[in-house]
Amino acid sequence: MDYADEGSPFADWFETFTFRSEDRHEFTRRLHVLKANTQSADDAPDYYLKQEIARAAFGKGNPIKDWVGRIIGVTEEKGELVFWYLPDENPPPDEPEPATPPEPVPPSVTQPDDWPAWMDVEYEYDEEA
């Protein structure tokens, strides 16, 4: 239902997700997905949980956008949330129709009114020079 991030990619980074179940119950999870002064993302407490949510929301890939409105499966096992992808609930967005290139415009035969005078000058070339 809602997504927010706080922090910095150069320090501690948190992402907050608000979920709403079918019975309209809402709950929020604040994830610590990047920890300052660490060698890898593996050291962040919730990095892998965030990756699970991304896979549940978008399937393959991780577009990190348009989180709100995605339908995902969530269960609780051993006190931990488990997420899974529901592709039938999230149809792919309609692809825009391919843009047709504009028709080529033939060169104008007449001069426009604001044609600069210097453009009408004919140049002569001196081949001996």
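The values are calculated or read from the model by the stated rules, or taken from the named source; none is laboratory data. Keep in mind that this is a model prediction, so the values were computed, not measured. Virtual Cβ from ideal backbone geometry, glycine too; neighbours counted across all protein chains shown. Just the protein is used for accessible areas: all its heavy atoms, side chains included, with ligands, DNA and RNA removed. Shrake-Rupley method; radii C 1.70, N 1.55, O 1.52, S 1.80 Å.
Under a 5 Å amide H cut-off, with hydrogens placed 1.01 Å from N, residue 34 pairs with 13 among residues at least 5 apart or on other chains. Taking Cβ atoms as reference points and 13 Å as the exclusive limit, the residues near residue 74 contribute a net charge of -4, counting Lys and Arg as +1 and Asp and Glu as -1. For the stretch 7-66, the set of trypsin sites (Lys or Arg not before Pro) satisfying both a DSSP loop assignment and a count of at most 12 other C-beta atoms within 10 Å is given as 24, 60, 65. Taking a sphere under 10 Å around the Cβ of residue 20 and counting the other residues whose Cβ falls inside, with K and R at +1 and D and E at -1, yields a net charge of -3.
Within the accessible area of the stretch 1-82, the carbon and sulfur atoms contribute 48%, probe 1.4 Å, all protein chains present.
Tally Lys/Arg at +1 and Asp/Glu at -1 over every other residue whose Cβ is under 14 Å from the Cβ of residue 92; what's the total? With Lys, Arg at +1 and Asp, Glu at -1, the net is -3. Sparsely packed loop sites in the stretch 1-39 (the GluC sites (Glu not before Pro) outside DSSP H, G, I, E and B with at most 11 other Cβ atoms within 10 Å) comprise 22.
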